[in-house]
1. Within the set of pairs 6 or more residues apart or between chains, which connect a residue that is within 22 Å of Phe220 (Cα to Cα) inside region 301-330 to a residue that is modelled with pLDDT under 95 and of a type in the set (Gly, Ala, Ser) with Cβ atoms less than 9 Å apart?
2. Residue check: is Cys171 more than 11 Å from ligand 1 (Cβ to nearest atom), crowded, with 23+ Cβ neighbours inside 10 Å, closer than 20 Å to Thr272 by Cβ and at pLDDT 95 or above?
3. Out of all the residues in region 36-57, which are touching a Ser or Thr at 6+ places or on another chain (Cβ under 9 Å) and either part of a helix (DSSP H, G or I) or of a type outside the set (Gly, Ala, Ser) (or both)?
4. Restricting attention to region 167-180, report how many residues are away from ligand 2 (no atom under 13 Å from the Cβ) and part of a strand (DSSP E or B).
5. Looking at (1) within 24 Å of Glu145 (Cβ to Cβ); (2) within 15 Å of ligand 2 (Cβ to nearest atom), which is the only condition Pro277 fails?
6. Looking only at region 120-129, which residues are assigned to a loop (DSSP other than H, G, I, E, B) and either modelled with pLDDT of 95 or more or of a type in the set (A, V, I, L, M, F, W, C) (or both)?
7. Go through region 217-237 and give me each residue that's closer than 20 Å to Cys171 by Cβ, free of Cβ contacts under 8 Å to residues at least 60 places away in the same chain and crowded, with 17+ Cβ neighbours inside 10 Å.
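The values are calculated or read from the model by the stated rules, or taken from the named source; none is laboratory data. Everything numeric here is computed off the predicted structure, so don't read it as measured data. Every residue, glycine among them, receives a Cβ derived from its backbone with ideal geometry; neighbour counts consider all protein chains shown.
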Amino acid sequence: MTLLTSPRQAPDAESLLVTLSESEHRETAALARELAATPPGLVDDPQWLAAARRMSCRLPVRVREAARLYKHDPGRDGILIVAGLPVEEERLPLTPSKAESVERTATLPAAVAVLMSMQIGEIAAYRAEKSGALVQNVVPVPGQEESQSNAGSTPLELHVENAFHPRRPDCVGLLCLRGDRNTNAGTLVSSIRRALELLPADVVGVLQEERFSTAPPPSFRGGASAPAHAVLTGSAADPDVVVDFHATTANDDEAKVALEHLRTAFLEAARTLVLRPGEMAFVDNRLAVHGRTAYTPRYDGHDRWLHRTFVHLDHRRTRGHRTGDGDVLD
Ligand SMILES: O=C(O)CCC(=O)C(=O)O
Ligand SMILES: [Fe+2]
């Protein structure tokens, strides 16, 4: 595992990056195939998930080491990238194009996404979003080009995932199955650790006060807005951030100016990850926001396709919201 700058990253990028060697790739492919073949072959099945949890301990040691370091400290960017994962791009079916598409079958890429997520923490989903599926498809959907959701293809505003939700994910995982053929679609990631340095002290002060409101995203059915909240919480020197530049509104004029400052700082500090097949990025959802640049889908079955997972680092904290101790939050 290296702490390095790849040619596709900003020169001062500091992300945990693990590129699997050929033998690690083979080992991971064998493990994922074994999991994919484990009965009943369904991602959301408790027995299958129990097998996945155990088997995730057999991922290559460098991956487990990176996961351990990332959980201790997600770094300046809040990103962990594992590259060279098996997704068998040449054997993939056509990219789905239906709204709210999810992956319930234990395919090889779904098994990889779950194995990786299980090493970071506890995989989670929300019953009110994408039918509570643990592995979701991030694909462009015809007619939803302009939507501020992962089905759109116009610029997607920087956001904390499910910012309105009191039990939002701690990390978001994005595994690339098929890249954008024009490599225009970039996942933007920006951390408050970088953006904070660009903000005047008085702006930071306003962001620390409960002067903001956040509505649920379009993907969430029937969620209620969060009560007035601060955008920056916790340590003043190394805060957590809760904001969605599409869904968060300022409750007064001064707060509005502060929010605009924050957006500018995030954009200035943002990195663009153009994910390639077999690359999985984890974004720390407590100290980083993410979004997406615009791209042009053709809806011909060869558009960009990612699997998305959510991770909680403390399973127990959400117990009161998970029926039957499962992985789906009510
Ligand atoms: O398409 C992307 O790169 C990210 C989309 C997104 O924000 C999400 O799926 O949560
Ligand atoms: Fe997102």
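1. Leu329/Ala128; Asp330/Ala128
2. yes
3. Ala36, Leu42, Val43, Gln47, Trp48, Ala51, Ala52, Met55, Ser56
4. 4
5. Of (1) within 24 Å of Glu145 (Cβ to Cβ); (2) within 15 Å of ligand 2 (Cβ to nearest atom), only one is false for Pro277: (2).
6. Within region 120-129, Gly121, Ala128 qualify.
7. Passing the criteria: Val231, Leu232.
Rundown of residues vs (1) within 19 Å of Gly291 (Cα to Cα); (2) aliphatic (A, V, I, L, M), yes/no style:
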site: Ala111; (1), (2): no, yes
site: Ala128; (1), (2): no, yes
site: Pro140; (1), (2): yes, no
site: Gly143; (1), (2): no, no
site: Leu156; (1), (2): yes, yes
